[in-house]
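To start, the structure itself, in structure tokens.
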Number of protein chains: 2
Amino acid sequence: MEPLEYLKEQESDSLEQLKEFLRIPSVSAQSKYKEDMQKCAQWVADYLQDMDIKSEVCETGGHPLVYGEYRTSDDAPTVLIYGHYDVQPPDPLDLWKTSPFDPIEEDGYLIARGATDDKGQVFAHMKGVEAYLKTTGSIPVNVKFLIEGEEEAVSNNLDNFIKNNKEKLSADIVVVSDSAQYGIDMPAINYGLRGIAFVEVRVVGPDRDLHSGSYGGAIANPVNILCNLIGRLQDENGRITIDGFYDNVYTSTEWEKEQFAKLPFDESEYLASTGSHRLHGEKGFSTLERTATRPTLDVNGITGGYQGEGAKTIIPSWASAKITMRLVPDMTPEEICDKAEAYLQKICPDYVTLEVTKYGGCNPVQVPTDSAWLDAASCAVESVFKVKPFFTKEGGSIPIVETFKTVLGLDTLLIGFGQHDDNAHSPNERFLIKDFHRGWRTSVALFQELSKVKG
Amino acid sequence: MEPLEYLKEQESDSLEQLKEFLRIPSVSAQSKYKEDMQKCAQWVADYLQDMDIKSEVCETGGHPLVYGEYRTSDDAPTVLIYGHYDVQPPDPLDLWKTSPFDPIEEDGYLIARGATDDKGQVFAHMKGVEAYLKTTGSIPVNVKFLIEGEEEAVSNNLDNFIKNNKEKLSADIVVVSDSAQYGIDMPAINYGLRGIAFVEVRVVGPDRDLHSGSYGGAIANPVNILCNLIGRLQDENGRITIDGFYDNVYTSTEWEKEQFAKLPFDESEYLASTGSHRLHGEKGFSTLERTATRPTLDVNGITGGYQGEGAKTIIPSWASAKITMRLVPDMTPEEICDKAEAYLQKICPDYVTLEVTKYGGCNPVQVPTDSAWLDAASCAVESVFKVKPFFTKEGGSIPIVETFKTVLGLDTLLIGFGQHDDNAHSPNERFLIKDFHRGWRTSVALFQELSKVKG
């Protein structure tokens, strides 16, 4: 039997298996689910072990992770498959059509917490491996599974685990399926992520709030000054004015620009989805380029003075803002935090005190677009979806992908099987059953294609 | 006996009478003191009645006010004495040296809630009138007392009372003693107050907070834009850039500039009192001029996006700021609110929505500096304090003074007997007993001097 035939046969069984996986309420953020987390990790380890993948539940200091390994041959490339078994909290419960941990099928979707993020997607790869082992008795590549339990809880334990297990995790390429396609029947491979740099800025004036009648005009107002500083961080063309900000900005290649030009984009639909009435961004770039290939600066929050009802006539003692900047290759959070601080200190008047706290962030990620891995992934996707995948970059950050790069020296193929409207992190999370099936078939094809890259 | 002799004889009795007044906990802001408010109004009315001043407790819809009137002759000028018998809440109680409503004498001070604000000061005028009636049997001027009970509770009932009783309250000049001297042994007469205009500004972008990774660069950030707008409201010289903002700004006369130049000012002391490390304000003006004779613009509070611990990487849906502008003659709050709105709308980019709520405010006040009333008051103060008073303007606003001007057409002499460090509105409120005595003697002298102005 061929692996793909096996999957065909397994269609309904595998859906039941996924439901079993989804029924374990593995909510990493809430301590009341601690035992369920352990149970879920064991379920994954057992599943892998059952198909003769050497697996273990590894303690991390937080929730455990599952490591599994299948060695085919020294000549075959090694693929590290990363995913997570933990899920977001299910609240608010009253907005769910079903109990979040009691999966139902409806209109071609499987509805449950974790369906798309990430149990459904990581399970597709587990089934892909299974298809080989249950038919040919071997996988075309060496496979390592790294399935963690703290992705939704923003823990740093995984970073330490990777740092402490470089040898164990050594591989040739990482595969992550924990994101979305470009649209329905529009598979995509992501070859880049933006990084992020975070600073908190605080302007301090008088040592207490002052009466704006008595002191107004003589004592500088920290809120006015903070606004002035922030207002001067961008020019009228949407360019960031911090000295040297663009020094290390990667310029998209012609190939990349072509890929962006190919992406369907409906402006009115996009605006409707955000509730904005007009687009605005850096001059000279399309919306998709702006959100993925260009750095940005956003104030995420600002606070100062009196914020209650009515008026309170004060000169506030201080004002502060949280500012994050999205980074593109080859910017680094350290460089950008330093440059932001230097520029703000330069333009800040000396009659107030400016405090800049630099929190660092994470590096942007760029997967080489001329790599054979990307070609292999593209072939695998096309063989299943019958269309070429779109090549995209993502505006957000996935810190673990950067860790794979910096600690293990590995590029990552981001092949999402989900959809943007899958309600990840929201009530009625769902996964198209069709995408689940195409996901595991892509996994099967991917191992085949990746095996050709080396050896 | 002369009025001043009477006062000399009354020194200790009058202090006991003031203590009796202070023992009534007339806290207007807290409903549990409602009966005490009534009792206190009655105490004032009875006191006036006892010296043959026709008086009444008038209902206002809120706490009652006391009106009293003594008619000397049709030829004599009529002086309307305004004050208030209500006091600030006494909290925090644990910071008081004494029970707030059990007055004690210490180091030449009388310590109690209301001592300086305003029972002690208004009582000085009551004793001034008494000194005449108990000795000469008549006062050199016609006197009307308007002693309200809602000054500390920001009520509008007094405005209505004045509008509905124009005839009754008709006078030639208003006298208010509810503020401070310029310093110890530095009496002052205030000939101007700034007005105020209040707007709330809200910038609205997307209909919800957006992920700054996915949308950053394509959707304008309302916080960044609000900051930009606010940052552009002032230039590097501390001038406000709103179109036409200075159109109606009164230019100080040479006499006024001279008065400001005479005022002692210690910059390091001033800075120490605010906890600021440098002064900043409009170029070309001294600190005292900036805080009294020039208009200002202060953000009293700003809010938008995430303000908790750590980072939340969003493009906030909206941001808002409370802005008050201090006005000088002949600006009006309506004019300035309109101009602020027009300017903000002009500079606001069209990819966000700007909402400006105009709350109006109150007009600035200017007492004619060439008026005989001011001269008379100056003579009276000098005769008691043995130094010429400073002529000052105040940066804050006293809306009732503006009402006297607009509704009754009357100028107000602001002759404060208190000190800036009297702890008005704070624990251990106090009044220098020496200032209490000089206050009533000034009142006696003032009636004499004012009587000469007309007739």
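The values are calculated or read from the model by the stated rules, or taken from the named source; none is laboratory data. Fair warning: this is a prediction, and the values are worked out from it, not measured in the lab. A quick note on method: Cβ atoms are made from the backbone with ideal geometry, for glycine too, and the neighbour counts reach across all protein chains shown.
From A:Arg326, A:Arg294, grab the single residue that is within 21 Å of A:Cys337 (Cβ to Cβ), within 7 Å of another protein chain (Cβ to nearest Cβ), in a strand (DSSP E or B) and charged (D, E, K, R). Outline the logic, then answer.
On the way: A:Arg294 fails: in a strand (DSSP E or B).
Answer to the selection: A:Arg326.
Can you tell which of B:Glu11, B:Glu35 is without any contact (Cβ under 8 Å) to a residue 12 or more places away in the chain and surrounded by fewer than 18 Cβ atoms within 10 Å (Cβ to Cβ)?
Values: B:Glu11 fails: without any contact (Cβ under 8 Å) to a residue 12 or more places away in the chain.
So the residue among B:Glu11, B:Glu35 that is without any contact (Cβ under 8 Å) to a residue 12 or more places away in the chain and surrounded by fewer than 18 Cβ atoms within 10 Å (Cβ to Cβ) is B:Glu35.
Identify all residues within region B:189-209 that are farther than 30 Å from B:Glu402 by Cβ and either surrounded by fewer than 24 Cβ atoms within 10 Å (Cβ to Cβ) or more than 10 Å from chain A (Cβ to nearest Cβ) (or both); write none if there are none. Step through it out loud before you land on a result.
Going residue by residue through region B:189-209, those that are farther than 30 Å from B:Glu402 by Cβ are B:203-209.
Residues satisfying the conditions are B:Val203, B:Val204, B:Pro206, B:Asp207, B:Arg208, B:Asp209.
One residue is enough: does region A:167-174 have a residue meeting the conditions of a type in the set (S, T, N, Q), more than 14 Å from the chain's Cα centre (by Cα) and in the same structural domain as A:Lys8 (by TED's automatic domain parsing)? Full working, then the answer.
First, the residues of region A:167-174 that are of a type in the set (S, T, N, Q): A:170.
Cutting the leftovers down to more than 14 Å from the chain's Cα centre (by Cα) gives us A:170.
Applying the additional criterion that residues be in the same structural domain as A:Lys8 (by TED's automatic domain parsing) yields A:170.
Checking region A:167-174: at least one residue is of a type in the set (S, T, N, Q), more than 14 Å from the chain's Cα centre (by Cα) and in the same structural domain as A:Lys8 (by TED's automatic domain parsing).
Quick check, is B:Ala124 touching a helix residue (DSSP H, G or I) at 6+ places or on another chain (Cβ under 9 Å), buried (at least 24 other Cβ atoms within 10 Å of the Cβ) and farther than 21 Å from B:Val401 by Cα? Step through it out loud before you land on a result.
Working: touching a helix residue (DSSP H, G or I) at 6+ places or on another chain (Cβ under 9 Å): yes; buried (at least 24 other Cβ atoms within 10 Å of the Cβ): yes; farther than 21 Å from B:Val401 by Cα: no.
Against the criterion (touching a helix residue (DSSP H, G or I) at 6+ places or on another chain (Cβ under 9 Å), buried (at least 24 other Cβ atoms within 10 Å of the Cβ) and farther than 21 Å from B:Val401 by Cα), B:Ala124 does not qualify.
Results for (1) assigned by TED's automatic domain parsing to the domain that holds A:Gly183; (2) in a helix (DSSP H, G or I); (3) of a type in the set (Lys, Arg), shown as yes or no for each residue.
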| residue | (1), (2), (3) |
| --- | --- |
| A:Cys337 | no, yes, no |
| A:Ala340 | no, yes, no |
| A:Val381 | yes, yes, no |
| A:Thr392 | yes, no, no |
| A:Glu402 | yes, yes, no |
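Take the residues of region A:219-262 that are assigned to a loop (DSSP other than H, G, I, E, B) and at the interface with chain B (Cβ under 7 Å from one of its Cβ atoms): which is surrounded by the most Cβ atoms within 10 Å (Cβ to Cβ)?
Start the filter on region A:219-262 by keeping residues that are assigned to a loop (DSSP other than H, G, I, E, B), which leaves A:219-221, A:232-233, A:235-239, A:241-253.
Still in the running and at the interface with chain B (Cβ under 7 Å from one of its Cβ atoms): A:219-221, A:232.
Values: A:Ile219: 28, A:Ala220: 23, A:Asn221: 32, A:Arg232: 17.
By that ranking, first place goes to A:Asn221.
Taking the criterion of being farther than 26 Å from A:Val87 by Cβ, polar (S, T, N, Q), touching a His at 6+ places or on another chain (Cβ under 9 Å) and part of a strand (DSSP E or B), would at least one residue in region A:345-363 satisfy it?
Just the residues of region A:345-363 that are farther than 26 Å from A:Val87 by Cβ, to begin with: A:345-360, A:363.
Within this subset, residues satisfying the condition of being polar (S, T, N, Q) are A:345, A:353, A:357, A:363.
In the following step, the residues that additionally are touching a His at 6+ places or on another chain (Cβ under 9 Å) were identified as A:353.
Add one more test, that the residue is part of a strand (DSSP E or B), and what stays is A:353.
The answer is yes; a qualifying residue exists.
Look through B:Leu80, B:Leu65, B:Leu146 and report the one residue that is over 20 Å from B:Ile24 (Cβ atoms) and touching a residue at least 12 places away in the same chain (Cβ under 8 Å). Spell out the reasoning first.
Values: B:Leu65 fails: over 20 Å from B:Ile24 (Cβ atoms); B:Leu146 fails: over 20 Å from B:Ile24 (Cβ atoms).
Of the residues listed, the single one that is over 20 Å from B:Ile24 (Cβ atoms) and touching a residue at least 12 places away in the same chain (Cβ under 8 Å) is B:Leu80.
Report every pair of residues separated by at least 6 positions or lying on different chains whose Cβ atoms are under 7 Å apart, first residue within region A:298-316 and within 7 Å of chain B (Cβ to nearest Cβ), second part of a loop (DSSP other than H, G, I, E, B) and aromatic (Phe, Trp, Tyr).
A:Asn300/B:Tyr306; A:Gly301/B:Tyr306; A:Lys312/A:Tyr306; A:Ile314/A:Tyr306
Can you list the strands (runs of 3 or more DSSP E) found entirely within region B:100-218 that contain at least 1 residues being among the basic types (Lys, Arg)?
Numbers: elements: B:104-106, B:109-111, B:142-148, B:173-176, B:188-193, B:195-204.
Strands (runs of 3 or more DSSP E) meeting the threshold: B:142-148, B:195-204.
Out of (1) in contact (Cβ under 8 Å) with a residue 24 or more places away in the chain; (2) away from chain B (no Cβ under 11 Å), the odd one out for A:Glu282 is which?
A:Glu282 satisfies all of (1) in contact (Cβ under 8 Å) with a residue 24 or more places away in the chain; (2) away from chain B (no Cβ under 11 Å) except (2).
What's the number of the only condition in (1) closer than 20 Å to A:Pro222 by Cβ; (2) out of contact with any strand residue (DSSP E or B) (no Cβ under 8 Å at 6 or more places or on another chain); (3) not charged (D, E, K, R) that B:Gln307 fails to meet?
It fails just one condition, (2).
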